[in-house]
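Q: Below you will find the structure I want to go over with you.
The values are calculated or read from the model by the stated rules, or taken from the named source; none is laboratory data. From a predicted model like this one, the values you see are computed outputs, not experimental measurements. With ideal geometry, Cβ positions are generated from the backbone for all residues, glycine too; neighbour counts draw on all protein chains shown. Surface accessibility is based on the protein's heavy atoms, side chains included, excluding ligands, DNA and RNA. Shrake-Rupley method; radii C 1.70, N 1.55, O 1.52, S 1.80 Å.
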Amino acid sequence: GYCKMLVDTGHPFLQEAITTNTSRKNFLIFSVYQTELSFPPPLPSYQFSTLGFLNKLYIYEALEL
């Protein structure tokens, strides 16, 4: 319950953070997205690599920085 409340409350922030911190590289039939999310201490930062293909997203790498 508490985790869901945090996600629901932080959704607008997360959406904006993802939008502004994601780069996209388009290829012939797919796209690669690189997202780096930084949070204030003591929270960790993360880097995600995602493949976009046929209107679906597949995270293939998630690193805690």
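Q: Kindly evaluate Lys4 against the criterion of being charged (D, E, K, R), at pLDDT below 90 and either exposed (fewer than 10 other Cβ atoms within 10 Å of the Cβ) or not in a helix (DSSP H, G or I) (or both). Lay out the reasoning, then the answer.
A: Working: charged (D, E, K, R): yes; at pLDDT below 90: yes; either exposed (fewer than 10 other Cβ atoms within 10 Å of the Cβ) or not in a helix (DSSP H, G or I) (or both): yes.
Yes; evaluated as a whole, the condition is true for this residue.
Q: Moving on to the next point. Check the range 8-23 and report whether any residue there is open to solvent by less than 100 Å² (accessible area, probe 1.4 Å) and in a strand (DSSP E or B).
A: yes
Q: Using the structure shown, decide if Ser31 is touching a residue at least 12 places away in the same chain (Cβ under 8 Å) and either touching a Ser or Thr at 6+ places or on another chain (Cβ under 7 Å) or under 18 Å from Leu65 (Cα atoms) (or both).
A: Numbers: touching a residue at least 12 places away in the same chain (Cβ under 8 Å): yes; either touching a Ser or Thr at 6+ places or on another chain (Cβ under 7 Å) or under 18 Å from Leu65 (Cα atoms) (or both): no.
Spelling it out, it is not the case that Ser31 is touching a residue at least 12 places away in the same chain (Cβ under 8 Å) and either touching a Ser or Thr at 6+ places or on another chain (Cβ under 7 Å) or under 18 Å from Leu65 (Cα atoms) (or both).
Q: Of all residues being aromatic (Phe, Trp, Tyr) and under 23 Å from Asn55 (Cα atoms) in the range 24-41, which is surrounded by the most Cβ atoms within 10 Å (Cβ to Cβ)? Just the residue, please. Talk me through it step by step, then tell me what you get.
A: Narrowing the range 24-41 to residues aromatic (Phe, Trp, Tyr): 27, 30, 33, 39.
Next, from what is left, pick out any that are under 23 Å from Asn55 (Cα atoms): 27, 30, 33.
On the way: Phe27: 10, Phe30: 12, Tyr33: 16.
Top of the filtered list is Tyr33.
Q: In addition: Report yes if Leu28 is in a strand (DSSP E or B) and out of contact with any helix residue (DSSP H, G or I) (no Cβ under 7 Å at 6 or more places or on another chain), otherwise no. Explain how you work it out, then say what you get.
A: On the way: in a strand (DSSP E or B): no; out of contact with any helix residue (DSSP H, G or I) (no Cβ under 7 Å at 6 or more places or on another chain): yes.
Here the answer is no, as Leu28 does not meet what is asked.
Q: OK, next. Any residue in the range 43-53 that is loosely packed, with under 12 Cβ neighbours inside 10 Å, at pLDDT 95 or above and in a loop (DSSP other than H, G, I, E, B)?
A: For the range 43-53, residues loosely packed, with under 12 Cβ neighbours inside 10 Å, at pLDDT 95 or above and in a loop (DSSP other than H, G, I, E, B): absent.
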